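**Student:** Quick one: structure below, then a few questions.
What follows is calculated from the coordinates using simple rules that are stated; it is not laboratory data. Note that the coordinates shown come from a computational prediction; the quantities given were computed from them, not determined experimentally. Here the Cβ is made from the backbone with ideal geometry for all residues, glycine too, and neighbour counts use every protein chain on show.
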Amino acid sequence: MNQQATMGGTAQPTPNQARKIRSARLLACGIVSTPLFYLLALLQLIAQPGYDIQQLPLSYLSLARWGWLQDLNFIAAGLLALAGAVGVRQYLRGQRGGSWGALLIGAYGIGMVLAGLCPPDPAFGLPDGTPPGPAAAMSGRALVHTIGFFLSFFSLMAATLVFARRYAGLQRRGWMAYCLLTAGLAPVLFGAGMASPWPGIVMALTGLLLFGWVSVITAQLRRESLRR
């Protein structure tokens, strides 16, 4: 009996094909992680017109009326990124970027999960009844949230450089330039956000640049994997 046939006569995928399918599905998780995160954040902003996105980062949506949704948003984005990291590892196993690239994208996912599990301290009038201005002191929960943010930020900064090196070795200069541009622009935006009169908007754009890089790279790898 043909080992590639089931009892009903339908051909089963070979181990290599099955591995390719699994990798493609996991990489798809990385693709949707950023669009889903920003879509849910946008819907919350629309539903809460009083939220001052010019001044407040998206993290503070966790303290607003639909705060539980933003917590889940962070966690879901982190878990999707972790799945995407596994897909990167499976597809690039034995190739440049397959270890460190996957590890750093996974660290970004862990940081997002931490941010969702540990929202920031009440501040800036959120939730209702909280005095305006920053919190008087940082709680342990808020410290973990901050650690999660910086873990995500610096992990992705490093990941862009890992993939820039990968694409340089493959003579794919357009992709290398995209990674280097992301690595160079993200810290500039972050610093500008600290001094900007609209820090909330600038920080949201910084996140879109870096988080979006994950979606773009996993999409490129998925497309490449399905062509082989």
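**Student:** Angle check, please: helix 173-195 long axis (alpha carbons) against the longest principal axis of the chain (alpha carbons), in degrees 0 to 90, nearest 10.
**Tutor:** 10 degrees
**Student:** While we're on this one: For the range 126-140, what does the Karplus curve 6.51 cos²θ - 1.76 cosθ + 1.60, with θ = phi - 60°, yield as ³J(HN,Hα) per residue in whole Hz, taken in order and with x for Gly and Pro?
**Tutor:** With coefficients 6.51, -1.76 and 1.60, one gets 10, x, 3, x, 6, x, x, x, x, 5, 5, 8, 8, 7, x Hz.
**Student:** Could I ask something else about it? Can you list the residues of the range 150-166 with backbone N under 20 Å from a point 7 Å past the Cα of residue 181, pointing along Cα to Cβ?
**Tutor:** Hits in the range 150-166 for residue 181 at 20 Å: 156-166.
**Student:** Over the chain, what is the relative contact order in percent, taking alpha-carbon pairs closer than 8 angstrom and at least six residues apart?
**Tutor:** Details: 337 pairs, mean separation 56.2, N = 228.
Computed value for the chain: 25 percent relative contact order.
**Student:** Going by alpha carbons, how many degrees (0 to 90, nearest 10) lie between the helix axis of 100-117 and the longest principal axis of the chain?
**Tutor:** In the chain, helix 100-117 runs at an angle near 40 degrees to the longest axis.
**Student:** Hey, what did the range 52-126 get for relative contact order, percent, Cα under 8 Å, at least 6 apart? Spell out each step's value before the answer.
**Tutor:** On the way: 81 pairs, mean separation 30.7, N = 75.
The normalised contact order for the range 52-126 reaches 41 percent.
**Student:** How far, in nm, would the chain grow between residue 43 and residue 55 when pulled straight, counting 0.36 nm per residue and subtracting the alpha carbon separation? Please report the intermediate quantities before stating the final value.
**Tutor:** Details: separation 12, 0.36 × 12 = 4.32 nm, distance 1.80 nm.
That pair, residue 43 and residue 55, stretches by 2.5 nm at full extension.
**Student:** While we're looking at this one, here's another question. So how tilted is helix 67-91 from the main axis of the chain? Cα-based, degrees 0 to 90, rounded to 10.
**Tutor:** Tilt of helix 67-91: around 30 degrees.
**Student:** Where the Cα atoms of the range 50-187 are projected onto their three principal axes, how long is each span, largest first, in whole Å?
**Tutor:** 56, 27, 25
**Student:** Can you give me the distance in nm between label points at residue 16 and residue 128, each placed 7 Å from the Cα along the Cα-to-Cβ direction?
**Tutor:** Here the modelled spin labels are 6.2 nm apart.
**Student:** Over the range 156-228, what lengths in whole Å, largest first, do the semi-axes of the equivalent ellipsoid take, defined as the square roots of 5 times the eigenvalues of the alpha-carbon gyration tensor? Each step should come with its number before you reach the end.
**Tutor:** Working: eigenvalues 149, 35, 11 Å².
Semi-axes from the Cα gyration tensor: 27, 13, 7 Å.
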